[in-house]
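Enquirer: Could you have a look at this structure, given as structure tokens, before my questions?
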Amino acid sequence: MLMIVLSGLATVLMLLWLILLFQAREEDWIQAAYNTVLGNLDEIAELEQKDRKNAKILARYHGLAGKVMRLFLGSSEKQIAKRKEANVRLQKGNLKSVGILAMPGYVLQRRVDAIGKGNFNKVIYAQYAELDGKKYAANRTRRLLAQMLSCLILGMALTLALGSILLSTGDVNSGLAVSLAGTAIAVVLAYAFYSDVKDRVAKRRAAIGRQFPNVVSKLALLVTSGMIMNQAWKETACSQDGELYLEMRKVSEELDNLVEPAVAYANFIDRCSTKETTKLATAMIQNLSKGNAEIGLLLKSMAHEAWQERQHTAKRDSEQANAKLMIPTMLLFVAILIMIVVPVITNFSGL
């Protein structure tokens, strides 16, 4: 009976996946192709960043050591070229590079509004808007949801089918274990797509928080020394590389392109989405017409508060690190205690 139920569920899920796949329209394929292009561009950017880091490392070595390090670190030129060629084919209308695994997810989003326009969709959209801006957030959200939905349906279908096969051989325990564990793994893998985005947002916010005291301190120094706000902002943005500095450069580029300052700073708030940057950008918006004297005092106050918060954060992090080290320390102590006590007990028992 259990085998029939599992095989029936596996068949239903597989049929659902296939039906959704065959219901894919041209708009779904185009959407998938566009998202594939965006994914390739992300991978190209990551590979280029990796090559730049490797180039800095290689600059420290010369001669034979340099050649050995070059072989060890390698180069991403072939991988970058491969992805660029795939993008060219996709942009010319050749959809062979579009994988079919995620296509049922695109169809499901189009046909079911609760999925394509639901609360979970909005949560993912907000995170992508913070990571990449609102321009690409909708497309990246559709791609992530498509991958999650398709992975979940197909993964559960395959694991339930495998479990029913094991049950048919009479191995009940293995069949149940594979079905339950496989279903759990499919759910975890589907959630892993979202978890990766969530982790990226958390790391980005943490990096912005670490960089904020230096940024606001430099802004305060430049403004109080007589530099106009826009020039001080640009000077600070170009002084270092980092998440916050890159976002500040985007604001400078928008201002240079005659975007309204209030709009540019509002976009900065949306992309950074931390209380510190929101307070800074709000101060910029409110003081657009008040001159450098008042904004200078405000920036000094913000810099003092930022450094105080930085100290408190460092203290909390150190306390958390000590708490995490407590368990391995205790295990090490127990291991040493066993190494000392066991020989002593052995010697006494041998007497």
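Just so you know, all these numbers are worked out from the coordinates, no wet-lab data involved. Just so we're clear, the structure is a prediction, and the values are computed from it rather than from any experiment. Cβ coordinates were reconstructed from backbone atoms using ideal geometry, including for glycine residues, and neighbour counts include every protein chain displayed.
Enquirer: Tell me the label-point distance for the pair ARG60, ALA202, using the 7 Å Cα-to-Cβ offset, in nm and rounded to one decimal.
Expert: In this crude label model, ARG60 to ALA202 measures out at 3.0 nm.
Enquirer: Quick one: compute the contact order of the chain, relative version, from alpha carbon pairs under 8 angstrom and 6+ residues apart, as a percent.
Expert: The normalised contact order for the chain reaches 16 percent.
Enquirer: Taking R0 as 45 Å, what's the FRET efficiency between THR224 and ALA177 from their Cβ-Cβ distance, rounded to 0.05?
Expert: E(calc), rounded to 0.05, equals 0.10.
Enquirer: Can you list the lysines whose alpha carbon sits under 30 Å from that of LYS67, skipping same-chain ones fewer than 8 residues off?
Expert: Qualifying lysines at Cα under 30 Å: LYS50, LYS53, LYS56, LYS78, LYS82, LYS84.
Enquirer: Among [x] 1.09; [y] 0.96; [z] 1.13, only one was calculated for this model; which label is it, if the read-out is Rg/Rh (Cα atoms, Kirkwood Rh)?
Expert: [x]
Enquirer: I would also like to ask the following. Between SER195 and MET339, what length comes free when the chain is fully extended (0.36 nm per residue of separation minus the Cα-Cα distance, one decimal in nm)? Please list the in-between numbers first.
Expert: On the way: separation 144, 0.36 × 144 = 51.84 nm, distance 4.20 nm.
This chain segment gains 47.6 nm when fully extended.
Enquirer: Treat each spin label as a single point 7 Å out from the Cα along the C-beta direction, and report the VAL188 to LYS50 distance in nm.
Expert: Result: 2.5 nm between the two label points.
Enquirer: Give me the extension gain from GLU77 to ILE19: residue separation times 0.36 nm, minus the current Cα-Cα distance, reported in nm with one decimal.
Expert: Fully extending the segment from GLU77 to ILE19 adds 16.9 nm.
Enquirer: Remind me, relative contact order of the stretch 76-166 in percent, using alpha carbon pairs under 8 angstrom and six or more residues apart?
Expert: In percent, rounded to a whole number, it is 28.
Enquirer: A further question follows. Using Cα centres only, tell me the gap between the stretch 131-206 and the stretch 6-74 in whole Å.
Expert: 18
Enquirer: Based on the inverse mean of 1/r over its pairs of different Cα atoms, what is the Kirkwood hydrodynamic radius of the stretch 232-284, in Å?
Expert: Result for the stretch 232-284 stands at 10.9 Å.
Enquirer: Taking 41 Å as R0, compute the FRET efficiency from the Cβ-Cβ separation of HIS304 and PHE120 and round it to 0.05.
Expert: Efficiency, from the Cβ-Cβ distance: 0.50.
Enquirer: Output wanted: per-residue J couplings in Hz (rounded whole) for the stretch 134-151, from phi through Karplus 6.51 cos²θ - 1.76 cosθ + 1.60, θ = phi - 60°, x for Gly and Pro.
Expert: Working through the residues one at a time gives 5, 4, 10, 4, 5, 5, 5, 5, 4, 5, 5, 5, 4, 5, 5, 5, 5, 4 Hz.
Enquirer: Something else now. Set the Förster distance to 41 Å, then compute FRET efficiency between GLN91 and THR278 from the Cβ-Cβ distance, nearest 0.05.
Expert: Working: r = 38 Å, r/R0 = 0.92.
That gives a FRET efficiency of 0.65.
Enquirer: Now for a separate question. HN-Hα J couplings of the stretch 276-283 from phi, Karplus 6.51/-1.76/1.60, θ = phi - 60°, integer Hz, Gly and Pro as x?
Expert: 5, 5, 5, 5, 5, 5, 5, 5
Enquirer: Given 0.36 nm per residue, what is the gain on full extension from ASP132 to GLN231 after removing their alpha carbon distance, in nm?
Expert: 33.1 nm
Enquirer: Mind checking which of LEU332, LEU166, LEU101 has the largest fluctuation in a GNM of the chain, springs on alpha carbons under 10 Å?
Expert: LEU332
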